[in-house]
């Protein structure tokens, strides 16, 4: 038997990466800032995004959202109440969004008419980290009801993020949330990352977050 | 892989070599467990799977060196202790190469 080695050096997610590169070029050409929001289920991505969309619209910005869930269009309906264009992506069992789903669901939307596009990923801190959606900013969210050591448990996700948002700060105290420890752990996995401590309920921390968005878009 | 195989008529894949970074979110044991099931009845049936895991390598701006991290619990330079954010290696998930048997007798 004679055998030989064929060098491939091919990324297993090459197809996704190529589609994401195409999306990234489209977003840049349209001048829309695209963010990919990732967290565990129940962190409060939707509540945070509802408030973000509402406040951006109040400032005259044009924002839209794509929202991923295994089933139901509950989140899309909640987000659409802000008045922003919203589309639901049902993955029917798939635990993450990929670039092909995004491409398909953007069909018919004029990206040039948007300032911001938010992609709310499926609640999962593992698989979404491997799928590039062409976003400019990956935002990882962590709520005060989760363990402060979550960044250490899910280093890939936290290390691949560009910004971190701590949610539900209004109930930090009754939850016994150790703020210093949580911030230290985030920094240990992703040194120097911008961290926003927010409450979608009271609106605390939203001003800094919106300022960050406006600055990122102007870049 | 099947594409590359099509270019070599009558060939059989003997071994598949992957490169998997420490931050690729891939559990090598699970991958090996699934390999046999996933390849059953395909052109890759019976092929060996060899996984090479790659540690995280960062560029440390403080000491100007490329450094290998021992784990993924702290992104600090093992030499100087400063935090590092320039990732050079660790997210790979790729097919490095395949070994094929041309189906011809050695001669």
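The listed residues are A:162, A:115, A:107, and the only one of them that is within 23 Å of residue A:209 (Cα to Cα) and away from chain B (no Cβ under 14 Å) turns out to be A:115. Among residues of region B:78-93 that are within 7 Å of chain A (Cβ to nearest Cβ), those with a Cβ under 6 angstrom from a residue that is surrounded by 12 or more Cβ atoms within 10 Å (Cβ to Cβ) and part of a loop (DSSP other than H, G, I, E, B), sequence gap 6+ or separate chain, pair up as B:83/A:191; B:84/B:75; B:84/B:77; B:85/A:191; B:93/A:12; B:93/B:24.
Yes/no matrix, rows are residues, columns are (1) in contact with a strand residue (DSSP E or B) (Cβ under 8 Å, 6 or more places away or on another chain); (2) farther than 17 Å from residue A:44 by Cα:
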{"site": "A:150", "(1), (2)": "yes, no"}
{"site": "A:162", "(1), (2)": "yes, yes"}
{"site": "A:166", "(1), (2)": "yes, no"}
{"site": "A:170", "(1), (2)": "no, no"}
{"site": "A:173", "(1), (2)": "no, yes"}
{"site": "A:177", "(1), (2)": "no, no"}
{"site": "A:184", "(1), (2)": "no, yes"}
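Taking the conditions exactly as written (without any contact (Cβ under 8 Å) to a residue 24 or more places away in the chain, within 21 Å of the chain's Cα centre (by Cα) and under 27 Å from residue A:95 (Cβ atoms)), does residue B:27 satisfy them or not? Here the answer is yes, as residue B:27 does meet what is asked.
For residue A:19, state whether it is modelled with pLDDT of 95 or more, assigned to a strand (DSSP E or B) and buried (at least 17 other Cβ atoms within 10 Å of the Cβ). Judged against the criteria, residue A:19 is not a match. Just wondering, is there one or more residues in region A:42-60 that are within 14 Å of chain B (Cβ to nearest Cβ), at pLDDT 95 or above and closer than 23 Å to residue A:109 by Cα? Within region A:42-60 (the criterion being within 14 Å of chain B (Cβ to nearest Cβ), at pLDDT 95 or above and closer than 23 Å to residue A:109 by Cα), the answer is no, since none of the residues qualifies.
Taking residues in region A:70-83 that are touching a residue at least 60 places away in the same chain (Cβ under 8 Å), and partners anywhere that are loosely packed, with under 15 Cβ neighbours inside 10 Å and outside any helix (DSSP H, G or I), not one pair has Cβ atoms closer than 7 Å while being at least 6 places apart or on different chains. Residues in region B:14-37 that are more than 26 Å from residue B:89 (Cα to Cα) and at the interface with chain A (Cβ under 9 Å from one of its Cβ atoms): B:14 alone.
When we screen A:168, A:150 for residues that are more than 10 Å from chain B (Cβ to nearest Cβ) and either at pLDDT below 95 or on the phi < 0 side of the Ramachandran plot (or both), the only hit is A:150.
Among the residues making up region B:57-69, those that are within 13 Å of chain A (Cβ to nearest Cβ) and assigned to a loop (DSSP other than H, G, I, E, B) are B:61, B:62, B:69. Restricting A:164, A:200 to residues that are over 24 Å from residue B:72 (Cβ atoms), buried (at least 16 other Cβ atoms within 10 Å of the Cβ) and in contact with a helix residue (DSSP H, G or I) (Cβ under 6 Å, 6 or more places away or on another chain) narrows the list to A:200. The requirement of being touching a helix residue (DSSP H, G or I) at 6+ places or on another chain (Cβ under 6 Å) and away from every other protein chain (no Cβ under 13 Å) is fulfilled somewhere in region B:38-48, by at least one residue.
So, residue B:25, is that one on the phi > 0 side of the Ramachandran plot and surrounded by 17 or more Cβ atoms within 10 Å (Cβ to Cβ) or not? Against the criterion (on the phi > 0 side of the Ramachandran plot and surrounded by 17 or more Cβ atoms within 10 Å (Cβ to Cβ)), residue B:25 qualifies.
Mind counting the residues in region A:122-139 that are away from every other protein chain (no Cβ under 14 Å) and either modelled with pLDDT under 95 or touching a strand residue (DSSP E or B) at 6+ places or on another chain (Cβ under 7 Å) (or both)? Working first, answer last.
Taking region A:122-139 first, the residues away from every other protein chain (no Cβ under 14 Å) are A:122-123, A:133-137, A:139.
Then drop every residue that is not either modelled with pLDDT under 95 or touching a strand residue (DSSP E or B) at 6+ places or on another chain (Cβ under 7 Å) (or both), which leaves A:122, A:133-137, A:139.
Number of matching residues: 7.
In region A:146-171, how many residues are in a loop (DSSP other than H, G, I, E, B) and touching a residue at least 40 places away in the same chain (Cβ under 8 Å)?
The first filter runs over region A:146-171 and keeps only residues in a loop (DSSP other than H, G, I, E, B), leaving A:146-149, A:154, A:161-162, A:168.
Add one more test, that the residue is touching a residue at least 40 places away in the same chain (Cβ under 8 Å), and what stays is A:146, A:161, A:168.
Summing the residues that are in a loop (DSSP other than H, G, I, E, B) and touching a residue at least 40 places away in the same chain (Cβ under 8 Å) in region A:146-171 gives 3.
Within the set B:70, B:40, B:45, the sole residue that is exposed (fewer than 13 other Cβ atoms within 10 Å of the Cβ) and closer than 26 Å to residue A:149 by Cβ turns out to be B:70.
The values are calculated or read from the model by the stated rules, or taken from the named source; none is laboratory data. Owing to the predicted nature of the structure, the values given are computational and were not obtained by experimental measurement. Cβ atoms come from the backbone with ideal geometry, glycine included; neighbour counts cover every protein chain shown.
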